[in-house]
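To start, the structure under review is shown below, and the notes come after it.
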Amino acid sequence: MAKGHKPKAGSRAYWPRKRAKRIYPRFKHSKELERVVGGTKETKPLEFGGYKAGMTNVVFTDSRKGSHTQGQDLSKAVSVIDCPPLLVFGIKLYRKTHSGYETYGMAFAQDLKKDLIRKLDVPKKKGSDLSKFEGLERVADIRLLVHTQPREGFGKKKPEVLEVDLSGTLENKLNYAKEKLGKELDISEAFTEGEYVDVNAVTKGKGYQGVVKRFGVRIRSRKNKGKRRHIGTMGPVTPGRVLPGKIAQAGQLGLQTRTEFNKRLVRIGKEGLKVKGGFLRYGDVKKNYVLLEGSVPGPKKRLVLFRKSFRKTETKEPIEIKSVFLESQQ
């Protein structure tokens, strides 16, 4: 018997379904996050980035009170994110106008890495006078300009440039930015084990795909017009056009920016993670890394950003990991 109802394939929440503008994402300024961290006096980075190395699983003891599996050993899939320190090469000040935030001033570090030339037109004048930033009357926000150091990870040369938001008051933000200018930013300065984060990344690119793979529509019967992997109709007679976003059509699949919420930081490690034979298509994780609960978007070697979660604000106790699966993945 035929189904009486089938949910619509696809969603208009992501439209148009086209390729991302760049291969790594950005976090937009969030009012919800500002509401969560607005009253905090502590100044620290709210965002960080790392490279996806692969996945593995960990064995831990369930310590949740009232759980059916309390006291038992459980296995959980985790994503391994290689997190070399970010290098703070600049400070960016914003002012608020009737059309939103706009740049008010910038300052750069004295010594800039040579690899930064591969990404930006590095200013000829080295260093900046920070005394001009003393007055904060017209300043609305202060952020750090950082770039990644992929040479310390899997050997890539060209870095990615990011803006990192800070918590705390404007005065504390400015003092923190001056202190960190030209220095490295470690993952442990931004997050702690057990904390929840939101993950942002560009998904795997699949190219031009048909409606069955792109939207999951039903495959037609054997006698259906000689075609099976196609839709039944392009819409009604009136209106006499194809409504955008309403009808499943073939097109680009993947290579799109997506955010996944409430991923728990299972572990923040500093001594590397070596799997027998290395992570497939990545190699060894040499130094700082993060184990994130579940999967994250994107292929290996792609930059993944994570930000303090504003939906789950509590920090649970760190998971007591008994073992990490380090057998060969070849």
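The listed residues are Ser79, Ser75, and the only one of them that is of a type in the set (Gly, Ala, Ser), buried (at least 17 other Cβ atoms within 10 Å of the Cβ) and part of a strand (DSSP E or B) turns out to be Ser79.
Of the residues in segment 16-35, at least one is aliphatic (A, V, I, L, M), closer than 20 Å to Leu174 by Cα and either in contact (Cβ under 8 Å) with a residue 40 or more places away in the chain or in the same structural domain as Arg311 (by TED's automatic domain parsing) (or both).
Quick check: anything in segment 235-251 closer than 30 Å to Tyr289 by Cα, hydrophobic (A, V, I, L, M, F, W, C) and in contact with a strand residue (DSSP E or B) (Cβ under 8 Å, 6 or more places away or on another chain)? No, that holds for no residue.
If the condition is being of a type in the set (A, V, I, L, M) and modelled with pLDDT under 90, then segment 70-106 contributes only Met106. Condition test on Phe191, is it surrounded by 15 or more Cβ atoms within 10 Å (Cβ to Cβ), among the aromatic types (Phe, Trp, Tyr) and more than 17 Å from the chain's Cα centre (by Cα)? No; evaluated as a whole, the condition is false for this residue. Looking only at residues of segment 244-300 that are farther than 25 Å from Ala9 by Cα and among the aromatic types (Phe, Trp, Tyr), we find that the one that is surrounded by the fewest Cβ atoms within 10 Å (Cβ to Cβ) is Tyr282. Residues in segment 150-167 that are buried (at least 20 other Cβ atoms within 10 Å of the Cβ) and under 20 Å from Phe310 (Cα atoms): 4 in all.
Restricting Ile91, Ile117, Ile23 to those that are over 23 Å from Gly194 (Cβ atoms), out of contact with any helix residue (DSSP H, G or I) (no Cβ under 9 Å at 6 or more places or on another chain) and not in a loop (DSSP other than H, G, I, E, B) reduces the list to Ile117.
Scanning segment 29-53 for residues that are assigned to a loop (DSSP other than H, G, I, E, B) and modelled with pLDDT of 80 or more yields Glu42, Thr43, Lys44, Leu46.
For segment 297-313, taking the residues that are of a type outside the set (Lys, Arg) and in a loop (DSSP other than H, G, I, E, B), the one that is farthest from Val146 (Cα to Cα) is identified as Thr313. Of the listed requirements (1) surrounded by 14 or more Cβ atoms within 10 Å (Cβ to Cβ); (2) not assigned by TED's automatic domain parsing to the domain that holds Ala190, Lys227 misses just one: (1). Out of Asp186, Asp141, Asp198, one residue alone is more than 18 Å from Val37 (Cβ to Cβ), crowded, with 16+ Cβ neighbours inside 10 Å and within 23 Å of the chain's Cα centre (by Cα). It is Asp186. For segment 314-330, a residue qualifies if it is part of a loop (DSSP other than H, G, I, E, B) and of a type in the set (Val, Ile, Thr), and the qualifying residues are Thr315, Ile319.
The values are calculated or read from the model by the stated rules, or taken from the named source; none is laboratory data. Everything numeric in this text was worked out from a predicted model, so none of it was measured. Using ideal geometry, Cβ is built from the backbone for each residue, glycine included, and neighbour counts are taken over all protein chains shown.
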